[in-house]
1. With respect to residue 103, determine if the residue is closer than 30 Å to residue 47 by Cα, within 30 Å of the chain's Cα centre (by Cα), of a type in the set (Phe, Trp, Tyr) and assigned to a helix (DSSP H, G or I).
2. Given the conditions (1) surrounded by fewer than 11 Cβ atoms within 10 Å (Cβ to Cβ); (2) in a helix (DSSP H, G or I), and given that residue 84 satisfies all but one, which numbered condition is not satisfied?
Amino acid sequence: MNKGDVIFGSSRVDPSAPEGAAKGRRIWITVVCVIAFGSVLAVGLTLGLQNHEDHVLTAQITQTEADLRVLGGRIANIKDHEFKTMAEYVAAYAQVEPLLTAYDQKLQEYSELYNTVQQRDQKTRADQYSALAQPLQPRSLAEHIGTYRDHSPDR
């Protein structure tokens, strides 16, 4: 490259010439526009990814809640049965024990999802609040899960 080929060098753009000044302004306007577009694109991608992760987390929580209700219902049906003999009682206990284990595992999974929501809530409040961002409200979701836990008939 020759010294005269440098784009931002003073030898290429002569500010005293009208076309040289216009060309210099166009270059700087282009640079500023590219930087602005890149920034907007980065913010948009970040918010889109966060929104997707929120939807995935919400779906996991909803599925886990449904699984807990089903398991709780099955356990309740077995326990609510009126047993006439000790053999029926022992058979029912044998049916309930693996369901209780599965219920405990699902409850642990639900608890971990709840903790994830709380951690994201704290991080979200600390890291960002932008007029452009309208993600799912992790705090509301955390409160919903806490309320569900407190008032769950399965407990």
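1. Working: closer than 30 Å to residue 47 by Cα: no; within 30 Å of the chain's Cα centre (by Cα): yes; of a type in the set (Phe, Trp, Tyr): yes; assigned to a helix (DSSP H, G or I): yes.
Answer is no for this residue.
2. (2)
Read-outs throughout are calculated quantities, based only on the coordinates presented, and are distinct from any laboratory measurement. Every value quoted in this text rests on a predicted model; they were computed, and no experiment measured them. Cβ atoms come from the backbone with ideal geometry, glycine included; neighbour counts cover every protein chain shown.
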